[in-house]
Structure formats: C-alpha cells, structure tokens
Amino acid sequence: MSLWTNSFGIQCLMGFDETGKADETFLAASYQRAQNLALDEFFPNGVPRALFLGGCNLSFPRFVLTMHPKTHADVVEIDPGMTKVAESYFDFEQKKFPTLSLIYEDARTFVNR
C-alpha cells in the first residue's frame, strides 16, 4: 500500500501480509532496503538509538524496531495527522513499540535546537 501526498510520487510504502495486516518485517521500497543495508553494515549488533526525521506511515521505524526490539527510536514528524493516517490505513499501533517516541515538530527546528 502506498500514500501519495503530492503529484511528485509515492511518499510512504508498507507491505501487507495475506491476512491484511502490515508486515513490519518487509521493506517495500528499494531506498528502505538500502538504508537497512547501511544500518546492518555500520551496526551489525543492532542500533542502540535511532532518530528519524519525518515519519510518514512509520514503515521504516517500525521495521527497525521489529528487527531490533532493544532500539530506542525518536521520530520527528511535523504533522500529527500523519500518525492518524498510519493508524487508519497502515495498521500502525504505537503500543506495539514501547521504545518509540513520536515528536511533533518541524525537523529543522528540532535539529537546530
């Protein structure tokens, strides 16, 4: 399943299993697979802490936290409505990820602070 928020292309991808549940162990986009290869290369024992700038449907943070449950992750997302989209259409349940923190703020402001 994908989400287009403008005419320039797909912003969010999520794979679903045969029962219609989000498959948080599958990376649907090639850029996500490339990001994961880099993580595995630089952090072969898992990522202790991760910061994601922009959450969209939270597919990559969910993958990282599923594969590395001890990872603590912060996601900075400017629009809380995107979390509602992730919940409504992409099967996101925050309670499944106790080490995930969602921060609703402009990522530029967050990084500058």
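The residue that is nearest to SER101 (Cα to Cα), among those in the stretch 26-36 that are assigned to a loop (DSSP other than H, G, I, E, B) and open to solvent by less than 70 Å² (accessible area, probe 1.4 Å), is LEU27. Return yes or no: is VAL64 closer than 24 Å to VAL111 by Cβ and modelled with pLDDT of 95 or more? When the stated conditions are applied, VAL64 passes them. Applying the set (1) within 21 Å of LYS21 (Cβ to Cβ); (2) open to solvent by 40 Å² or more (accessible area, probe 1.4 Å) to CYS56 leaves exactly one unmet item: (2).
Assess whether PHE90 counts as being in contact (Cβ under 8 Å) with a residue 60 or more places away in the chain, surrounded by 13 or more Cβ atoms within 10 Å (Cβ to Cβ) and either under 28 Å from GLY20 (Cα atoms) or in contact with a helix residue (DSSP H, G or I) (Cβ under 6 Å, 6 or more places away or on another chain) (or both). For PHE90, the condition - in contact (Cβ under 8 Å) with a residue 60 or more places away in the chain, surrounded by 13 or more Cβ atoms within 10 Å (Cβ to Cβ) and either under 28 Å from GLY20 (Cα atoms) or in contact with a helix residue (DSSP H, G or I) (Cβ under 6 Å, 6 or more places away or on another chain) (or both) - is met.
The number of residues in the stretch 6-25 being assigned to a loop (DSSP other than H, G, I, E, B), within 12 Å of the chain's Cα centre (by Cα) and among the hydrophobic types (A, V, I, L, M, F, W, C) comes to 1. Selection over the stretch 37-47 of residues that are part of a loop (DSSP other than H, G, I, E, B) and touching a residue at least 12 places away in the same chain (Cβ under 8 Å) gives a count of 2. Taken over the stretch 68-87, the criterion of being within 22 Å of SER2 (Cα to Cα) and in contact (Cβ under 8 Å) with a residue 24 or more places away in the chain is satisfied by VAL75, VAL76, GLU77, ILE78, ASP79, PRO80, MET82, THR83, VAL85, ALA86. Restricting the stretch 37-58 to residues that are modelled with pLDDT of 95 or more and within 12 Å of the chain's Cα centre (by Cα), the residue that is farthest from PHE97 (Cα to Cα) is LEU53. Of all the residues in the stretch 71-89, those that are small (Gly, Ala, Ser), outside any helix (DSSP H, G or I) and more than 14 Å from LEU51 (Cα to Cα) number 0.
Would you pick out the residues in the stretch 37-53 that are in contact with a strand residue (DSSP E or B) (Cβ under 6 Å, 6 or more places away or on another chain) and of a type outside the set (D, E, K, R)? ALA50, LEU51, PHE52, LEU53, listed by residue number.
Within the stretch 48-70, identify whether any single residue is in contact with a Lys or Arg (Cβ under 7 Å, 6 or more places away or on another chain) and outside any helix (DSSP H, G or I), and answer yes or no. Among the residues of the stretch 48-70, not one is in contact with a Lys or Arg (Cβ under 7 Å, 6 or more places away or on another chain) and outside any helix (DSSP H, G or I), which makes the answer no.
The values are calculated or read from the model by the stated rules, or taken from the named source; none is laboratory data. Remember, it's a predicted structure, so these values are computed and weren't measured experimentally. With ideal geometry, Cβ positions are generated from the backbone for all residues, glycine too; neighbour counts draw on all protein chains shown. All accessible areas refer to the heavy atoms of the entire protein, side chains included, with ligands and DNA or RNA removed. Shrake-Rupley method; radii C 1.70, N 1.55, O 1.52, S 1.80 Å.
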